[in-house]
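Everything below concerns the one structure shown next.
Coordinate-derived values only; no laboratory data. Bear in mind that the values here come from a model prediction, so they are computed numbers and not experimental data. All Cβ positions, glycine included, derive from the backbone under ideal geometry; neighbour counts span all protein chains shown.
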Amino acid sequence: MRITFLITWVDEMGGTELAVLTQARHLAATGHEVEVVSVFRTRAESFFPAGDRVAVRYLVDRTGPWPRPVRDHTLDEDTCRTLAARRSTLIDPLWEPAFDGLSDTELDLALRTLDTDVVVTASPALMSAVTDLAPAGVVTVHQEHRPSQHRGGTGGPLLARAPEVDAVVVLTEWTKGWFEESLGAAAPRLEAIPNAVPDGFRPRSARTGKTVVVARRLVADKQVDHAVIAFGKALVEHPGWRLRIFGEGPLTGSLRRLVGELGLHNSVELLGPTRRMTDEWAKASFTVLPSQTEGFGLVLVEAFAAGVPAVAYDVPTGPAEIVRHGVDGLLVPAGDTEALAAAMGRLMGDEELLHRLGERAARGAGRFAAGEVNARWEALFQELYAGRQDPGRLARRADRAARRRAVSAGGGFQPQAPASRVSPSRGVQRAREDELAATSRTKLVRSAGRLAEVRDDLLAGDAFDENLRLAAGALRAAGIPYVLLRVATGHPRARLAVDAALRADVYAALASACAGQAVYAELLGPAVDAPGAVLAERLPEVGEVAGLRVYRPYVTGGRTLRYGATYGCDVEFWPAGARGHTTPTRAHALGDTLPCVRPDAVTRVRGRVYGTLKAFTQHLVTDIGFPVDAVYTWVDDADPAWRARLDARRAELGLEPAQSGTAGDAPVRFRNRDELRYSLRSLAMHAPWIRRIFLVTDDQTPSWLAAGHPGLHLVPHREIFADPSALPVFNSHAIESQLHRIDGLAEHFLYLNDDVFLGRTVTPGTFFRGHGGTRFFWSTTAVPPGEATAADEPVFAAAKNNRALLRTRFGAVPTHCFLHTPHALRRSVLTRLHEEFPDALARTARSPLRDWRDVSPLSSLAHHYGYLTGTAEPSALRYGYVDTGRRAQHPGLSRLLAARSKDAFCLGEGPDSDVPADEQAEVMRAFLEAYFPVKGPYER
């Protein structure tokens, strides 16, 4: 069989390059005709040897004074330089910036004339090119070398184009499961095949040299600085050890500075890359893998082959599938340098443990032996090759692509399952889960490596409440006293404190209450066990932990929303001491100790009673006890009556109809894409503490709105405008100037536009202080100098006018704008604004259309005024912005959906759109339905 590997550059020192060459050599040794096609030649000599049996072909040579094709050609230097300076049109620079016009030419030629049976791509960008250009008879396989669910920009074409290849092969079952969830019926053949140990003799380590070896590229996500920090902490108790770091990268200088700052220059060596890593492993006692994410962790396999055990962060996706905790290495919670230092210290101080793990590592490396791994690849290739002439093959590929396009709605947005950072179940637990799924009365599916109940009706608050009820109920039924803690942050995740002496009783109680159910307990601070989560019914098998995060996973039918461990209830084991009971994890609202862990009071959470301490029932100075409302301004531009009023108003002013309005009055400002429905869902999902919602409109009501909902009030413009003669008005600044006049509005409220969404659970403290002050969020966008003119963009004209007022009143000049987030406001402050600046606000209120003389009272002026009068303060917010009118930003929607890590985000549209309006609407609807799939209480 003729097999071609396609890689961006084969010469470099990296895991992908080593894995491709190792696999190519193995296949060539078993009789296959193997070629590696490298788009670029980057070194005179490749860092890793290809071997005599593997042909290496380059397309573009970058080693000379100017880039040029490697094939025979007639192109002169100027032509080559010109093409190399141009942006690639074959591969989006957001996916991979290395490509250019010259590589496009050579890659196009190479792929169209590809004479092979199977082509294997080593990056999503190259997979996309192959799907466009490879001959139909060639079997196409994409091999993923990174954790796909955490790829970011380089994964742009991954889910969009994967349905168009014959197979996708990933390194771990974890990533395979994510593909299955994300693609569903659009998935091609999916396989999980690990990397193999490279060929050759490997000397064994005696593990007697007191040497820790780290072999990593020195880039941010490898977190080698964590290894240095943890080593320094462990070295205090275990002097005489050395840390040797092999690798190169942009962080070399900062690592050298860190070593110096920690005073470790006599114990830590930065040695650069080496081609003789097998010899270095033979000198190592153990290795450390502190990465933020890992595709597989081939470096662990190499270390194991030399009998070198490992300490690794339990991160997606490789370490937990290679390191068997307590067998051939130790896993610690991701990002926890204290735990990393403790694990390193265990191996430094326990020679017997070090040697036992090393011996088992050497034996266990056989799991990744070349023969076994290569056999799986050969079997896959043979099967795919045998079916390449099947007349239905291309039709099935087209059907898969069509299904994917149907849910992605065009553009660069690709719906996907949320990325998980919890290790999936395996072994005995995996078998038990399969048994539970087969016998459960509820619909259970595998999601993020765990069983999850399918529910399309749960809001985030419901998930938090269900898990608190479950955990507290189990303790109560077993007669185990607990205290529901007050937490300083106001985070909705509940924490229950239990006497550490009752740990075994808690295990038994939860195991009994959750027997036969898909309920899990994530181990918090395990002393012996690996990080991760176990079925609650298996808790009696667990060793000592600081606490448990108890949760029942839920997932929506579309698989885009999952409630996992983040929504669990923490059961913490508080040890008794001289000062009472001390925290095993982190402080509560009143400190880090408790006088007892038996309740002497009760508190209510969503109508249910839980035991607590009297101290926690007091009103604290940081508590937000006042009500908070929300206000939206909304317009439906498709309403004929509204459009008639707008055009009539414009005619009165001597203006053309709105379709030809100026930038400040352009149709994009009024465009309704049903965002309000999903913004309201985001409030119901992530801010259930909102008391009432006021929807301010020009006598318009969304057709889907449950207008009679007691928590929702429709407010027409005529009810709030002090001067009714100003109506009808189509200027958001004018409408905002009157919102403080809403009858029944709370003193404290959030003001939102319908293109703003809460991305994850927030608390009132995100926006307000306990003393009543508000928080605001400055952006990096500066207000241009000078006075406002008719030529200014409306947002800057208003900001300049705000600045002029504040300069006159306070003698202080504001410099920056604010993020387009929910705005925290106070009615009393807005009233004072009208008292301080009556003329400016009255003029703004009388402006029927946006005007360069307006002020922006709520989104800017109120914040600056509050800051200068001591009623508002700057704060921080995890925020995201995507311009849906720019196609290049659509992949950002996929990342928002996968990570769900923003407190708030905005889907805006600038004046310079390159995406048709109907396509934008389709993409936004697909994204918002994926992000907020649960119907809100404000909908019919």
- line: Expressed in angstrom and rounded, the centroid-to-centroid distance over alpha carbons for the stretch 342-403 and the stretch 95-119 is 28 Å
- prompt: Among V299, V327, A341, whose Cα lies farthest out toward the positive end of the dipole of the stretch 211-366, if unit charges sit on the beta carbon of Lys, Arg (+1) and Asp, Glu (-1)?
  reply: V299
- prompt: If the cut-off is a Cα-Cα distance under 17 Å, which lysines reach K210, setting aside same-chain residues fewer than 8 apart in sequence?
  reply: K233, K283
field: Peptide ranges 837-844, 248-255 listed from the most packed, as the mean C-beta count within 10 angstrom indicates
entry: 837-844, 248-255
Within the chain: Cβ-based charge dipole about Cα centre, in debye rounded to nearest 20 (Lys, Arg +1; Asp, Glu -1): 1840 debye
field: Amide H contacts under 5 Å for R244, placed H, 5+ residues apart
entry: V212, V213, V214, E269
query: Based on the mean of other beta carbon atoms within 10 Å per residue, what is the order of 760-770, 60-70, 536-546, most packed first?
result: 760-770, 536-546, 60-70
- prompt: Given a cut-off of under 8 Å on Cα pairs at least six residues apart, what relative contact order in percent is computed for the stretch 628-931?
  reply: 21 percent
field: Note, ³J(HN,Hα) from phi for the stretch 711-725, Karplus 6.51, -1.76, 1.60, rounded to Hz, x at Gly and Pro
entry: x, 10, 10, 8, 10, x, 4, 5, 7, 10, 7, 5, 10, x, 5
task: Indicate the gyration tensor shape class of the stretch 215-292 (rounded, prolate or oblate), computed on the Cα atoms with a ≥ b ≥ c the square roots of the eigenvalues: a/c under 1.5 is rounded; otherwise a/b larger than b/c is prolate and the rest oblate.
output: oblate
Per-residue Cβ neighbour rank within 10 angstrom, fewest leading, C596, C817: C596, C817
message: Give me the percent relative contact order of the chain, please, defined on Cα pairs under 8 angstrom at least 6 residues apart.
response: 9 percent
- line: The long-range amide H neighbours of V37, using H built 1.01 Å from N in the peptide plane and a cut-off of under 5 Å, are F5, L6, I7, R57
Over the chain: helical MRE at 222 nm, DSSP H runs n ≥ 4 each giving -39500 (n - 2.57), nearest 500: -9500 deg cm²/dmol
- prompt: Can you sort S913, S425 by how many other beta carbons sit within 10 Å, fewest first?
  reply: S913, S425
field: Theoretical gain in end-to-end length, E269 to R691 [0.36 nm per residue, Cα-Cα removed]
entry: 146.0 nm
message: I need M277, M924, M1 ordered by Cβ neighbour count within 10 Å, fewest first.
response: M1, M277, M924
- request: Could you pull out every whole DSSP H run in the chain that spans at least 27 Å of Cα extent along its own axis and averages -1.0 or higher on the Kyte-Doolittle scale?
  value: none
- request: Please find the FRET efficiency linking T442 to A508, where r is the Cβ-Cβ separation and R0 is fixed at 35 Å, and quote it to the nearest 0.05.
  value: 0.90
task: Please name whichever of A782, W689, H142 sits farthest to the positive end of the charge dipole of the chain, dipole taken about the Cα centre and charges placed at Cβ: Lys and Arg +1, Asp and Glu -1.
output: W689
Positive-end residue, the chain charge dipole about Cα centroid, Cβ charges, pick of G249, F286, Y520: Y520
message: I'd like the distance between the alpha-carbon centres of the stretch 416-486 and the stretch 257-322, rounded to an integer number of Å.
response: 35 Å
- request: Sum up the charges of everything whose Cβ sits under 15 Å from the Cβ of D699, counting Lys and Arg as +1 and Asp and Glu as -1, but leave D699 out.
  value: -1
statement: For the stretch 781-791, Karplus-derived ³J(HN,Hα) couplings (6.51, -1.76, 1.60; θ = phi - 60°; whole Hz; x for glycine and proline) come out as 7, 8, 7, x, x, x, 8, 5, 9, 5, 7
